[in-house]
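Asks: Can you keep this structure in mind? I'll have questions shortly.
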Amino acid sequence: MKIAIGSDHAGFEQKAALAPWLAEEGHEVLDFGPANEDRVDYPDYAYRVAMAVADGRAERGVLVCGTGLGMAMGANKVPGVRAAAVQTPEFAELARAHNDANVLCLSGRFVDLDVNEELCRVFLSTPFEGGRHEGRVAKLDRGCLVEPRVRVVNHPLVAHKLSILRSEDTPTKLFRELVRELALFLGYEATRDFPLEDVQVTTPLETFTAQRVAGKKVAVVPILRAGLGMVDGLLMLIPSAKVGHIGMYRDHETHEPHEYYCKLPEDVDQRTCLVVDPMLATGGSAAMAIGYLREQGVQDVRLLSIVAAPEGLEAVMAADPAVRIFTCSIDRGLNDDAYILPGLGDAGDRIFGTL
Ligand code: RB5
């Protein structure tokens with residue numbers, strides 16, 4: 001088996017002994033360092049080994065630090081890696097049989113070398129049981145850390161552009177451009193998990209295997225009218241997307257949303273719907289739009305709003321247990337007129353110059 005191994009200074013001595021021992025046991029060992037006992041930071045080596053396992057250069061990883069704990073924490077940040085800090089043979093066996101762990105994290109300070117060798121032997125020879133554990137392991141891999149329901153896109157350029165967007169001095173033309181640009185950033189983040197497939201590409205120099213998005217169908221669904229301002233940004237990112245429109249207005253007395261227009265692509269139920277509205281205030285229109293898409297059979301709905309109020313986030317998440325929300329900022333809250341504070345005013349009026 002191909003094994004990636006690494007340590008920090010506290011695990012170096014055992015790593016230096018385990019690497020040749022694993023080779024004697026018949027494994028191919030890729031040593032990711034360090035090369036000596038100088039002080040280093042365990043996350044640096046946890047990531048190197050974890051990445052090698054995640055991208056298939058190695059089938060399993062072995063990491064040694066003082067306790068094994070820091071290595072496991074670091075390695076588990078890499079998607080696709082299931083790292084277990086193990087000190088007994090029973091745990092080594094169960095980490096494989098039940099958790100399908102692919103990285104073993106050992107303590108170089110509190111566990112003797114002969115015990116760690118035994119842990120490696122059990123870990124590397126125990127198969128995953130599958131069966132009832134399969135679905136659980138799949139849930140681990142999906143992980144809520146990888147796909148939180150609300151993601152705040154906190155890139156420095158986003159913060160910069162948003163600060164200009166918020167300013168009351170920003171004129172319509174610039175406001176419109178910024179809405180388009182921020183929509184692009186939100187779209188970039190909202191499509192991060194789109195699956196890829198291998199394709200053969202011939203460059204002027206050689207043919208190699210590249211990757212392309214695996215036929216993911218997308219519909220951009222602006223909530224009229226402010227959502228229109230975000231459409232171009234998303235179409236720059238996903239030119240093949242279709243555009244559906246949902247017309248809502250908010251009753252200024254009751255703050256309740258009312259639908260007045262709806263036109264969606266015929267195959268909308270086959271598509272990932274990116275619902276766009278620059279402002280998520282009470283969440284009423286967004287929840288209504290999302291509810292409507294669900295009625296049409298849409299499985300994958302993602303809401304993209306440039307600024308969001310906590311009240312709106314809660315309302316949308318309560319109304320729809322599966323929707324994911326992408327925003328550039330979670331603002332303080334709503335005022336008595338249900339405007340977001342500090343917010344950016346009325347996005348529709350500012351985009352279309354109807355103030
Ligand atoms: C290094 O002193 C030590 O903190 C490290 O090896 C590891 O035990 C961390 O989890």
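Asks: Please determine, by comparing only the residues of region 1-19 that are more than 16 Å from the ligand (Cβ to nearest atom) and assigned to a strand (DSSP E or B), which one is farthest from residue 61 (Cα to Cα).
Replies: Within region 1-19, the match that is farthest from residue 61 (Cα to Cα) is 2.
Asks: List the residue pairs whose Cβ atoms are under 8 Å apart, where the first residue sits in region 161-189 and is β-branched (Val, Ile, Thr), the second is open to solvent by 40 Å² or more (accessible area, probe 1.4 Å), and the two are 6 or more positions apart or on different chains.
Replies: From residues that are β-branched (Val, Ile, Thr), the pairs are 164/174; 170/164; 172/352; 172/353.
Asks: Further question on the same structure: Residue 160 passes all but one of (1) surrounded by 14 or more Cβ atoms within 10 Å (Cβ to Cβ); (2) in a helix (DSSP H, G or I); which number fails?
Replies: (1)
Asks: Here is a list of conditions, (1) touching a residue at least 60 places away in the same chain (Cβ under 8 Å); (2) more than 29 Å from residue 354 (Cα to Cα); (3) open to solvent by less than 70 Å² (accessible area, probe 1.4 Å); (4) of a type in the set (D, E, K, R), and residue 149 meets all of them except one; can you say which number that is?
Replies: The single condition residue 149 does not satisfy is (3).
Asks: Condition (residue is under 26 Å from the mean Cα position of the chain (by Cα), open to solvent by less than 10 Å² (accessible area, probe 1.4 Å) and farther than 22 Å from residue 142 by Cβ) applied to region 16-29: is it met by at least one residue?
Replies: For region 16-29, residues under 26 Å from the mean Cα position of the chain (by Cα), open to solvent by less than 10 Å² (accessible area, probe 1.4 Å) and farther than 22 Å from residue 142 by Cβ: absent.
Asks: I'm checking my understanding of the structure. Among residues of region 47-87 that are assigned to a loop (DSSP other than H, G, I, E, B) and among the small types (Gly, Ala, Ser), which one is nearest to the ligand (Cβ to nearest atom)?
Replies: 66
Asks: So residue 23 fits all but one of (1) farther than 19 Å from residue 121 by Cβ; (2) without any contact (Cβ under 8 Å) to a residue 40 or more places away in the chain; (3) hydrophobic (A, V, I, L, M, F, W, C); (4) more than 16 Å from the ligand (Cβ to nearest atom); what number is the exception?
Replies: Here residue 23 clears every test but (1).
Asks: Filter region 163-177 down to the residues that are open to solvent by 10 Å² or more (accessible area, probe 1.4 Å) and in a helix (DSSP H, G or I) and list them by number.
Replies: Within region 163-177, 163, 164, 166, 172, 173, 174, 176, 177 meet the criteria.
Asks: Can you name the residue in region 37-46 that is within 10 Å of the ligand (Cβ to nearest atom) and in a loop (DSSP other than H, G, I, E, B) and, of all such residues, is farthest from the chain's Cα centre (by Cα)?
Replies: So, considering only residues that are within 10 Å of the ligand (Cβ to nearest atom) and in a loop (DSSP other than H, G, I, E, B), the one farthest from the chain's Cα centre (by Cα) is 39.
The values are calculated or read from the model by the stated rules, or taken from the named source; none is laboratory data. Keep in mind that this is a model prediction, so the values were computed, not measured. So basically every Cβ, Gly included, is an ideal-geometry build from the backbone, and we count neighbours across all protein chains shown. Keep in mind that these areas ignore ligands, DNA and RNA; they rest on the heavy atoms of the full protein, side chains included. Shrake-Rupley method; radii C 1.70, N 1.55, O 1.52, S 1.80 Å.
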